[in-house]
Amino acid sequence: QKTPLVLQGISTSMLIGLCVFANTTAFFRQTEPIQTPLASLLTCLFFVCLGSTVGIYSGSFLLAKRSAARIGLPVALAMLATIAMYFGEAVMMKDSLYRFGTGFFFDGLPAVSLAPADILVILLSGAIAWLVLAVSGKHAPGLKASLAAVLVSATIAISGAALASSPEVVDIFKVYRFSECLYMSPFSSLFMPPGKALPIVYSLREDSFLEFNTATGDIRSLQASFEKTPIRNSDFPSDILKSAPDISSYKKKYLVATLSDGQRLYQMDGEIWLVKVNEPYLWSIYLLEPTDSVSFEDLERSQAIQEEAFSTPDIREMTCKDLYALARKGKNLTLKDFEMFEYKLTGADLSVRLYHVEGGNTLTISGGEELGKIDLLSYRTQDGSKSIDLRDGFDEVASYLSPMNSLYDFTIEDEGAQAQGREELIYEYEYDECRYYLLNFDSSKLFAVFSSGERMPLKQAFEERRFVVEDVLARGYSMRIIPSSNPLGGEFTAHRNWVVFTLNKEKFYPSKSFMYLIDEGLVTYFDVSELADILSWYGYDEASKKLQDFAKSGATQSIARKSYIAEKDLASLDISVVIGWMISSHTPIEFIVSP
């Protein structure tokens, strides 16, 4: 009974060893139908071993029989056991099977789920059972064979546990930056010329994917299902116009992750592609490249800052009133002055704080904890070179934020355009229901010259909306602004070169339609909403509230779709207005708010 016992022990120990390995590592198999080469090799080994051990074990009871029964029946049982394993997998996979690669050798044959590779596995299980039983009939396995089998089985089992406790290190788990747009669907509204960069970095972790815009500080977090599945050219999303990159030139092509929003990550040889699909067609391909300028810790810190601002009631968005209060501190500003306001980390290395100010303006602080530059940028421009430092002081900030402060790059050339007493309707804007008359100049002899070198008549530039009226007023040209619907017969004053506004001795800079005049200034009205905002920004909250309450009473005058309050009514709210009409060089208009 020695030989049957040894055969039973060898087959049992080998199967147990592989079962332990399978339960601890799952052979590194992925949920995707096409498996990695390592998973495919280990799975095939297990299937072959399963069938052959069944054959060897059953054959151990038939050693005394004739060859046909002693070998033929166990070999048949070996292959049947392997077929049964495939049948169970097909049931689990709903009539499909895991595939060990791509191409004819690994694709299922017609009418059956089995591929040529699977048939070879079945045949190998029978062949090994036949070989072992044939040899055992002539050379009975002894103690050395038993010890070797136990040693190999134990090694397989222990290695499985060891590998399971040491997770596989995947080299794609890094921080990447946007490198290049390899493809963009012609149906996409996002136009991206070749070589254009996007200020975006991506964090790839074992279970998550972060998309971080370093210009705006916005973060998008997605769930990620990481895998490494080889793909064929036909598995890649199709391009409706056949203009996407040809992936046939890449040797190692893998789908490495699927994101919760449907995007996919592919590894093409040494490249990482972020692919967006608009089923069933390809939408975009972004090439990503590793970066050292931003770390996982930087991104986690930025995300934590935003989450804290969202969950902490004391942290809020900066208002215009806050901005003016900070500007009053000037050179004495410290980083502590900004602790109560929401901000996001931006910049190539996430060292710049970005604050959004109510109304669309932005404030950035560079230098980290050292408080470097404090740049204020108006909502009317995206050109960072046109920002000012908040520490320049209150008056500079108020002047910069004035709607009459031009931020466009152009000049006006005068070819003898001066014409005293001339009044010309130069443009009529529908959005503010006003007509604009150029005073004392012939517009046909005025030309706008832009920084690009382009030159055109001033009136044409108005019609093409290349700039707005405030930009011309800021360059010293006077206009009359008449509401299209004007029952009171007055006009707005926007003669910036001779009107100076102050609020309790401090200058302020209103819009072109802030003051409305009737009969050359005998009757004066002011924009209620704008004046209330200015009072609040300058610290006169009580006066601002009184003005807003007055507006709610309905005692205001509607002009060009805005509400105006008469000068005489302001006096009843403890706000007096002194207008120096008799001063020839300029007209001071002083608002005095009683304590």
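In table form, for the structure just shown:
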{"item": "Count - residues of segment 10-23 that are open to solvent by less than 40 Å² (accessible area, probe 1.4 Å) and either more than 16 Å from SER125 (Cα to Cα) or touching a Gly at 6+ places or on another chain (Cβ under 6 Å) (or both)", "result": "4"}
{"item": "Wholly enclosed strands (runs of 3 or more DSSP E) of segment 551-591 bearing at least 2 residues of a type in the set (A, V, I, L, M, F, W, C)", "result": "562-566, 575-579"}
{"item": "Hits in segment 221-232 - residues which are surrounded by fewer than 16 Cβ atoms within 10 Å (Cβ to Cβ) and either charged (D, E, K, R) or modelled with pLDDT under 85 (or both)", "result": "ARG232"}
{"item": "Cβ pairs under 6 Å, 6+ apart, first in segment 221-242 and polar (S, T, N, Q), second exposed (fewer than 13 other Cβ atoms within 10 Å of the Cβ)", "result": "GLN223/SER260; ASN233/SER248"}
{"item": "Residue that is open to solvent by less than 60 Å² (accessible area, probe 1.4 Å) and assigned to a helix (DSSP H, G or I), where the choices are LEU323, LEU363", "result": "LEU323"}
{"item": "ALA398 vs. criteria in contact (Cβ under 8 Å) with a residue 60 or more places away in the chain and closer than 21 Å to VAL469 by Cα", "result": "yes"}
{"item": "Residue count, segment 219-256 (criterion: more than 18 Å from the chain's Cα centre (by Cα) and either of a type in the set (Phe, Trp, Tyr) or closer than 16 Å to TYR176 by Cβ (or both))", "result": "5"}
{"item": "Residue tally, condition over 9 Å from PHE46 (Cβ atoms) and at pLDDT 80 or above, over segment 16-30", "result": "2"}
{"item": "Of residues in segment 411-464 being touching a residue at least 60 places away in the same chain (Cβ under 8 Å) and part of a loop (DSSP other than H, G, I, E, B), the one nearest to ILE482 (Cα to Cα)", "result": "GLU433"}
{"item": "Residue list for segment 247-260, filter: closer than 18 Å to PHE226 by Cβ and not in a loop (DSSP other than H, G, I, E, B)", "result": "LYS253, TYR254, LEU255, VAL256, ALA257, THR258, LEU259"}
{"item": "Criterion (touching a helix residue (DSSP H, G or I) at 6+ places or on another chain (Cβ under 9 Å), surrounded by 18 or more Cβ atoms within 10 Å (Cβ to Cβ) and farther than 20 Å from ASN405 by Cβ) met by exactly one of TYR436, TYR525", "result": "TYR525"}
{"item": "So GLU542, is it assigned to a helix (DSSP H, G or I), in contact with a Phe, Trp or Tyr (Cβ under 7 Å, 6 or more places away or on another chain) and open to solvent by 30 Å² or more (accessible area, probe 1.4 Å)", "result": "no"}
{"item": "Residue in segment 261-268 that is assigned to a helix (DSSP H, G or I) and either under 20 Å from LEU38 (Cβ atoms) or out of contact with any Gly (no Cβ under 6 Å at 6 or more places or on another chain) (or both) present", "result": "no"}
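The values are calculated or read from the model by the stated rules, or taken from the named source; none is laboratory data. Please read these numbers as outputs of a predicted model, since none were measured by experiment. FYI the Cβ positions are ideal-geometry reconstructions off the backbone, even for glycines, and counts take in every protein chain you see. Remember, those area values only see protein heavy atoms, side chains included, never the ligands or the DNA or RNA. Shrake-Rupley method; radii C 1.70, N 1.55, O 1.52, S 1.80 Å.
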